[in-house]
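Reviewing the structure listed below.
The values are calculated or read from the model by the stated rules, or taken from the named source; none is laboratory data. On a predicted model such as this, the values are computed, not experimentally measured, just so you know. Note that we place each Cβ from the backbone using ideal geometry, even for glycine, and neighbour counts take in every protein chain shown. To get the accessible areas, we keep the full protein, side chains included, count just its heavy atoms, and leave off ligands, DNA and RNA. Shrake-Rupley method; radii C 1.70, N 1.55, O 1.52, S 1.80 Å.
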Amino acid sequence: MTGPVLSLRDVRKTYVMGDLSVDALAGVSMDVHEGEYVAVMGPSGSGKSTLMHILGCLDVPTSGTYELAGTDVSRMTETELAEIRNRRIGFVFQGFNLLPSLNAWRNVELPLLYAGVPRDERRQRAARALDRVGLADRLDHRPGELSGGQQQRVAVARALVTDPSLILADEPTGNLDSRSTADVLGLFEELSGAGRTIMLITHEEDVAAAAQRTVRIRDGLVDQAGGAA
Amino acid sequence: MSTFDTFRSAFGALRSHRLRSALTMLGILIGIAAVILTVGLGQGAQAQVQSEISKLGSNLLVVTPGSTTSSTGIRGGRGTSSTLTNGDAAALATASVAPDIRAVAATSTSMQSVTAGTTNWTTTVVGTTPSWAQVRARDLSAGRFVTQDDVNQARPVAVLGSETVTELFNGRSPVGQSVSINGSSFTVVGVLQAIGSTSTTANEDDQVIVPQTTFATRVAANSTRAAVSTIYIEATSQATLTAAYQEAKALLLTRHGVTSTTADFTLSSQQSLLQTATATDRTLTILLGGVAGISLLVGALGIANMMLVSVAERVREIGLRKALGATPAAVRQQFLVEASSLGVSGGVLGLLLAGAGAAVLPHFLAQPVRISPAAAAAAVGVSLLIGVVAGVYPAGRAARLAPIDALRND
Ligand SMILES: Nc1ncnc2c1ncn2[C@@H]1O[C@H](COP(=O)(O)OP(=O)(O)OP(=O)(O)O)[C@@H](O)[C@H]1O
Ligand SMILES: [Mg+2]
């Protein structure tokens, strides 16, 4: 029996701005096992994005420990972390974070570029990922030439392109209509069925309902009452 | 990330700010072109002087009267009263005393008015021996040179420089004709082949050569009868030049009864003549090159500045790339490649501009510009180095950005 793939112990993240200090996370402990599909819900400002950044090795906790597949992340070098982000994690950021100067497939191929995949294969895989989110006909469009929903789907395609074992998605359906939302959720369902671990941050109850379980966050703490649901 | 992808990405970033990249490149372009041109001008001038001095003859040593030692200044200056004699020349030519000396030619000179028919021309008249042609590496285009017999008999014969012929005979063949010098009639027996006029030394194509003995009796005033203005010495080879120098010096010191601190003559080699002649050129080149180098430095600061602005502007992009798996090394490399691409393209364009300048400038300056392949390669190398050095700090900053700080920046 293997341990949890993600394990947080009393993780705190404190932002200090002059005299003011904000506890974005105030002591979070949680475990996520391999292949789990978890939804994270909570009011705006409760610390959801902060949690995702720590889980994705983009940010480090002020205190507490985070173990990824049994390894304490704080012991890893920048280069090792970059490799983990590249090979094992697929991100969908809240603000999409596409590069405006690159067209859709160039944006999607970025993780493959840093993985050292050859160009022909990159283009093939990027095209396939864009096809999966219904943008097969928008390969050469730049973000500025795409609608908000289309941009969000490009961001989803980029998270899938490396076929990562962990997907961290911050409001991936925030800008989508109900049909596109259903399509993206169908994709996640498929990935979950294939054994991928998924964490999905959302405001919407019916989106969260697609997950196997829901973690509720309030004021930087896991809401125990809600967490049981 | 493959090298090709790194370059594609770097060029993409530079292209997205065309004007800014072009202006930054312009800084390096101007700097490189300025450096190459000043160095090219300096080298051109040096090569010019060098070729002129080498026209004097090969493996040549030159003895002139008077000393220019630093402690006493000029002693017994040229033209006042000469300390050199034909006896000195004869001693130097003795193989047993100076084995590394092949030939010696003593010359006495005097400015004289030379007349041919009704045409009059003032030029340098040189009294010397047959060895002069050998020592000074001169050939004849017509007739013969002064012979030992001419010297022994003090015959009134003369060999003319090519320009002297043009002035006096206007294209007609002068051999067999007679010219008048200082009231005496001389028969022209030969014409020297032209070697091209020179600006740093006397005009070698405008002179009249007569036998030394004839010069003493018919041309020069009585007081300077035996006076020798210059002794030219040819060493047996390039390798024995130093030995020949030592032999000549020792011999003359002994003959004149002086030590090297009280020497009344100056012994110089072609090398030392060259050094004196090019010293000022070199100083000027270094000075101008320094100014050009500063403009290159300003160009480098331009690259550093542009890269810093670029890093600040692209914090979001850098953060995203790191979030997607770019290692600090990959980020650093990308910015270094951007900076060095700016440097190298500026350098190559600067080289092209300098090449155009080298082709055009001589028409205005009457001065050759020489761009050696080594200088061209060095220019491109230096511009690459400038790009890398200017890019190190900005690239390091980009590499150190934490992905989250970079991503949040909005
Ligand atoms: N860089 C920062 N500096 C200071 N405070 C910050 C910073 N980032 C986040 N915070 C604070 O931390 C708290 C949690 O922010 P976070 O972005 O995690 O919220 P969230 O749950 O994702 O909200 P939303 O649903 O609106 O996206 C907020 O109060 C926010 O103001
Ligand atoms: Mg958020």
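Open to solvent by 30 Å² or more (accessible area, probe 1.4 Å) and hydroxyl-bearing (S, T, Y): does that describe A:S165? Write out each step before concluding.
Numbers: open to solvent by 30 Å² or more (accessible area, probe 1.4 Å): yes; hydroxyl-bearing (S, T, Y): yes.
So A:S165 fits the description; yes.
Among the residues that make up segment A:144-157, is at least one of them crowded, with 20+ Cβ neighbours inside 10 Å and within 16 Å of ligand 2 (Cβ to nearest atom)?
yes
Give the residues of segment A:14-31 that are of a type in the set (D, E), closer than 16 Å to A:P61 by Cβ and more than 11 Å from ligand 1 (Cβ to nearest atom), sorted by residue number.
So in segment A:14-31, the residues of a type in the set (D, E) come out as A:19, A:23, A:31.
Right, trim to closer than 16 Å to A:P61 by Cβ and you get A:23, A:31.
Of everything in segment A:14-31, just one residue is of a type in the set (D, E), closer than 16 Å to A:P61 by Cβ and more than 11 Å from ligand 1 (Cβ to nearest atom), namely A:D31.
Name the single residue that is surrounded by the most Cβ atoms within 10 Å (Cβ to Cβ) among those in segment A:175-203 being under 16 Å from A:V156 (Cβ atoms) and within 15 Å of ligand 1 (Cβ to nearest atom).
A:L200
Only one residue in B:A326, B:A330 is outside any loop (DSSP other than H, G, I, E, B), within 14 Å of another protein chain (Cβ to nearest Cβ) and open to solvent by less than 30 Å² (accessible area, probe 1.4 Å). Which one? Even if it seems obvious, please write down each step before you answer.
On the way: B:A326 fails: outside any loop (DSSP other than H, G, I, E, B).
Result: B:A330 is the single residue among B:A326, B:A330 that is outside any loop (DSSP other than H, G, I, E, B), within 14 Å of another protein chain (Cβ to nearest Cβ) and open to solvent by less than 30 Å² (accessible area, probe 1.4 Å).
Search segment B:363-410 for residues being outside any helix (DSSP H, G or I) and of a type in the set (A, V, I, L, M, F, W, C), and hand back the single one that is nearest to B:M25 (Cα to Cα). Write out each step before concluding.
Applying the first criterion (outside any helix (DSSP H, G or I)) to segment B:363-410 yields B:366-372, B:401-402, B:409-410.
Narrowing the set further to residues that are of a type in the set (A, V, I, L, M, F, W, C) leaves B:366, B:369, B:371, B:401-402.
Numbers: B:A366: 31, B:V369: 25, B:I371: 22, B:L401: 27, B:A402: 30 Å.
Only one residue fits best here, namely B:I371.
Restricting segment A:41-78 to residues that are of a type in the set (S, T, N, Q) and open to solvent by less than 40 Å² (accessible area, probe 1.4 Å), which is farthest from the chain's Cα centre (by Cα)? Before you say what the answer is, go through the steps one by one.
Here is the first cut: in segment A:41-78, the residues of a type in the set (S, T, N, Q) are A:44, A:46, A:49-50, A:62-63, A:65, A:71, A:74, A:77.
Retained after the next criterion (residues that are open to solvent by less than 40 Å² (accessible area, probe 1.4 Å)): A:46, A:49-50.
Details: A:S46: 17, A:S49: 9, A:T50: 11 Å.
Per the criteria, the residue is A:S46.
In this structure, does A:L113 turn out to be within 9 Å of another protein chain (Cβ to nearest Cβ), buried (at least 16 other Cβ atoms within 10 Å of the Cβ), hydrophobic (A, V, I, L, M, F, W, C) and in contact with a Pro (Cβ under 7 Å, 6 or more places away or on another chain)?
Details: within 9 Å of another protein chain (Cβ to nearest Cβ): yes; buried (at least 16 other Cβ atoms within 10 Å of the Cβ): yes; hydrophobic (A, V, I, L, M, F, W, C): yes; in contact with a Pro (Cβ under 7 Å, 6 or more places away or on another chain): no.
Spelling it out, it is not the case that A:L113 is within 9 Å of another protein chain (Cβ to nearest Cβ), buried (at least 16 other Cβ atoms within 10 Å of the Cβ), hydrophobic (A, V, I, L, M, F, W, C) and in contact with a Pro (Cβ under 7 Å, 6 or more places away or on another chain).
Within the group B:A356, B:A374, B:A339, B:A395, which residue is modelled with pLDDT under 90 and away from chain A (no Cβ under 14 Å)? Step through it out loud before you land on a result.
Values: B:A356 fails: modelled with pLDDT under 90; B:A339 fails: modelled with pLDDT under 90; B:A395 fails: modelled with pLDDT under 90.
Of B:A356, B:A374, B:A339, B:A395, the one residue that is modelled with pLDDT under 90 and away from chain A (no Cβ under 14 Å) is B:A374.
All but one of (1) part of a loop (DSSP other than H, G, I, E, B); (2) in contact with a helix residue (DSSP H, G or I) (Cβ under 9 Å, 6 or more places away or on another chain); (3) more than 16 Å from ligand 1 (Cβ to nearest atom) hold for A:L58; state the number of the condition that does not hold.
(3)
State whether one or more residues within segment A:88-105 are touching a Phe, Trp or Tyr at 6+ places or on another chain (Cβ under 9 Å), within 14 Å of another protein chain (Cβ to nearest Cβ) and assigned to a helix (DSSP H, G or I). Show your work before the answer.
Here is the first cut: in segment A:88-105, the ones touching a Phe, Trp or Tyr at 6+ places or on another chain (Cβ under 9 Å) are A:97.
Going one step further and asking which of them are within 14 Å of another protein chain (Cβ to nearest Cβ), we end up with A:97.
Still in the list and also assigned to a helix (DSSP H, G or I): none.
Looking through segment A:88-105, none of the residues is touching a Phe, Trp or Tyr at 6+ places or on another chain (Cβ under 9 Å), within 14 Å of another protein chain (Cβ to nearest Cβ) and assigned to a helix (DSSP H, G or I).
Yes/no per residue for (1) touching a Ser or Thr at 6+ places or on another chain (Cβ under 8 Å); (2) surrounded by fewer than 23 Cβ atoms within 10 Å (Cβ to Cβ); (3) not in a helix (DSSP H, G or I):
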{"position": "B:L287", "(1), (2), (3)": "no, yes, no"}
{"position": "B:A292", "(1), (2), (3)": "yes, yes, no"}
{"position": "B:S295", "(1), (2), (3)": "no, yes, no"}
{"position": "B:V298", "(1), (2), (3)": "no, yes, no"}
{"position": "B:M306", "(1), (2), (3)": "yes, no, no"}
{"position": "B:G343", "(1), (2), (3)": "yes, no, no"}
{"position": "B:G346", "(1), (2), (3)": "yes, no, no"}
{"position": "B:L351", "(1), (2), (3)": "no, yes, no"}
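Whether any residue in segment A:32-40 is open to solvent by 10 Å² or more (accessible area, probe 1.4 Å), within 16 Å of ligand 1 (Cβ to nearest atom) and touching a Ser or Thr at 6+ places or on another chain (Cβ under 8 Å) is what I want to check. Give the derivation first.
To start, the set of residues in segment A:32-40 that are open to solvent by 10 Å² or more (accessible area, probe 1.4 Å) comprises A:33-36.
Now narrow it down to the ones that are within 16 Å of ligand 1 (Cβ to nearest atom): none.
No, segment A:32-40 has no match at all.
Can you pull out every residue in segment A:83-110 that is farther than 29 Å from A:V73 by Cα and open to solvent by less than 20 Å² (accessible area, probe 1.4 Å)?
Answer for segment A:83-110, where residues must be farther than 29 Å from A:V73 by Cα and open to solvent by less than 20 Å² (accessible area, probe 1.4 Å): A:A104, A:W105.
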